[in-house]
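The values are calculated or read from the model by the stated rules, or taken from the named source; none is laboratory data. Keep in mind the model is a prediction, meaning the values are calculated, not measured. Note that we place each Cβ from the backbone using ideal geometry, even for glycine, and neighbour counts take in every protein chain shown.
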There are 2 protein chains.
Amino acid sequence: MGGQLAYRLDRIPTPPLLQAKTSEEGDAGLGAAGSVLHVAQDREIYAEGAAASAFYKVVAGIVRTCKFLSDGRRQIDAFYRAGDLFGIEGDAQHSLSAEAVSDCTLIAYRRRCVDAARTGGAGVDQLFDHLLRRLAQTQDHALLLGRRSALEKVAAFLVDWADQSAGRKVVSLAMTRQDIADYLGLTIETVSRTLSQLERDGLIDMPTARQIRLADLQALRDLNA
Amino acid sequence: MGGQLAYRLDRIPTPPLLQAKTSEEGDAGLGAAGSVLHVAQDREIYAEGAAASAFYKVVAGIVRTCKFLSDGRRQIDAFYRAGDLFGIEGDAQHSLSAEAVSDCTLIAYRRRCVDAARTGGAGVDQLFDHLLRRLAQTQDHALLLGRRSALEKVAAFLVDWADQSAGRKVVSLAMTRQDIADYLGLTIETVSRTLSQLERDGLIDMPTARQIRLADLQALRDLNA
DNA sequence: CGTCTCTTTGACAGCATTCAACGTGTGTGG
DNA sequence: CCACACACGTTGAATGCTGTCAAAGAGACG
């Protein structure tokens, strides 16, 4: 567990640089104005511990939220896709950092929308739903991290990602093997080996490394009985 | 990962049997009446998937919430102590099961208190805080499960538990080694071995298996840099 | 004092990691 | 158009951490 240091520290992204555009637009759901911004691939959106002055909605692209240990080990908490909210905090500070997996378009909302909702304003219900769903997802993730084998983890990841991809059987992975590994609590090599094994066993096809066809979706699901 | 089946299935608790007393008492915080009930050690409070008709506050004793895989593998999500709330769900069903680690006294609140709060009623703020705190804790737990070694996990558990025990240096563990293992994503043997190693190294003393004195709290904290 | 559960310890096996080398794909410049 | 660099991904060999299987120790309780 020691040798990851130099290796992993290399991967820590550059400081935040939000190339915000000045456009403003309303948002029916939250009833609050938000400013659109673009973030380049691998750029940090906010750091763990940074002031939580805003939260975000993904318009396009993929976002990851993660935590780091002091020696560079990383745990990805979640990937966010178009339509997802992230960065809502109770504290004044963000408890995770957020980074762009691919080039992203986001809408930033002012934090006080959350505070307003908490005291009974509009959007309470929506925020509640979001928090409850995130909590349930994080609990499922903990079960996966604590009690599943590498094979089960990778299968679960593929099935989840496929479900979110409108049920299509070919999933396009926006993230690297390193991202997948840090999401599943594995190493990049184990992820790669496990995918190869799934392909040998006929459960998946990999036309390219980032394009995965789920040839036997049922078998993949069964791995997570 | 296979041989756990028969072994683990033995540990699944008996069906719910809430020996509710008929007393009623007001609760200043939530502004809602709750009924007091007692649950014996290892009894189930509610099952995963059961109707979430109520949520609970711990008056005395320790509660665990957990998830099971179909083969009996268990992941404990959290331990709750006097004053803690648990069982608040967005869905109609509980996403985790809850069990009494020790004999417990609880207050059950009607679920509609949550629904009322969601639509802007009293207690919104309190519920929000609870959810946000739980989410942050679960995210930390995921980092521990995914990226920490056995030694780091056990040290983190002891430090956490000590923090919650009013900072005293001698912690009384209400739970078994099996509970600790299922919380940390380890086996009972690894937990035991790791505790023995910490004792050999002088970081802790174990007068009894359930009484642990943190002899070198700083060193324990340093294990989780 | 025996029984039962919980815990500890030992020996061994196996899965995931580590370390290392080799492919593969893409973009750039000659 | 090809050569090269570079990042990303795959594969192999060996180590090691944690799990598995087994047995013995320690308390609690009747």
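Before moving on, here are some points about what is shown:
- Of the criteria (1) closer than 19 Å to A:ILE62 by Cβ; (2) away from chain B (no Cβ under 14 Å); (3) surrounded by 14 or more Cβ atoms within 10 Å (Cβ to Cβ); (4) more than 16 Å from the chain's Cα centre (by Cα), which one A:VAL191 fails: (2)
- Any hit, the range B:112-128, residues being within 24 Å of A:HIS130 (Cβ to Cβ) and at pLDDT 95 or above: no
To keep it simple, each residue is scored yes or no on (1) part of a helix (DSSP H, G or I); (2) surrounded by 19 or more Cβ atoms within 10 Å (Cβ to Cβ); (3) within 12 Å of chain B (Cβ to nearest Cβ); (4) within 15 Å of the chain's Cα centre (by Cα).
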{"residue": "A:ASP77", "(1), (2), (3), (4)": "no, yes, yes, yes"}
{"residue": "A:GLY83", "(1), (2), (3), (4)": "no, no, no, yes"}
{"residue": "A:ASP91", "(1), (2), (3), (4)": "no, no, yes, no"}
{"residue": "A:ASP115", "(1), (2), (3), (4)": "yes, no, yes, no"}
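- Residues of the range A:127-182 satisfying the condition of being away from DNA strand C (no atom under 14 Å from the Cβ), among the β-branched types (Val, Ile, Thr) and crowded, with 16+ Cβ neighbours inside 10 Å: A:THR138, A:VAL159, A:VAL171
- Identity of the residue in the range A:55-75, more than 21 Å from A:THR187 (Cβ to Cβ) and of a type in the set (A, V, I, L, M), that ends up surrounded by the most Cβ atoms within 10 Å (Cβ to Cβ): A:VAL63
- A:ARG81 in contact with a helix residue (DSSP H, G or I) (Cβ under 9 Å, 6 or more places away or on another chain) and at pLDDT 70 or above: yes
- Within the range A:51-75, tally of residues that are of a type in the set (Phe, Trp, Tyr) and within 14 Å of chain B (Cβ to nearest Cβ): 2
- From the list B:SER165, B:SER172, B:SER192, the one residue that fits, being in contact (Cβ under 8 Å) with a residue 24 or more places away in the chain, farther than 21 Å from A:LEU186 by Cβ and hydroxyl-bearing (Ser, Thr, Tyr), is B:SER172.
- Search result, residues across the range B:204-220 that are in a helix (DSSP H, G or I) and surrounded by 15 or more Cβ atoms within 10 Å (Cβ to Cβ): B:LEU217, B:ALA219, B:LEU220
- Within the option set A:LEU144, A:LEU135, being within 16 Å of DNA strand D (Cβ to nearest atom) and either touching a helix residue (DSSP H, G or I) at 6+ places or on another chain (Cβ under 6 Å) or assigned to a helix (DSSP H, G or I) (or both) holds for one residue only, A:LEU144.
- Residue in the range A:205-225 that is more than 11 Å from chain B (Cβ to nearest Cβ) and touching a Phe, Trp or Tyr at 6+ places or on another chain (Cβ under 7 Å) present: no
- Filtering the range B:186-203 to residues that are of a type in the set (S, T, N, Q), in a helix (DSSP H, G or I) and either farther than 16 Å from B:LEU214 by Cβ or near DNA strand D (Cβ under 8 Å from one of its atoms) (or both) leaves B:THR190, B:SER192, B:THR194.
- B:ILE212 meets each of the listed conditions (1) under 21 Å from the mean Cα position of the chain (by Cα); (2) more than 26 Å from A:LEU143 (Cβ to Cβ); (3) within 13 Å of DNA strand D (Cβ to nearest atom) apart from (3).
- Of all the residues in the range A:117-126, those that are crowded, with 17+ Cβ neighbours inside 10 Å and in contact (Cβ under 8 Å) with a residue 12 or more places away in the chain number 1.
- Residue within the range A:162-181 that is more than 13 Å from chain B (Cβ to nearest Cβ), in contact with a strand residue (DSSP E or B) (Cβ under 6 Å, 6 or more places away or on another chain) and of a type in the set (Asp, Glu) present: no
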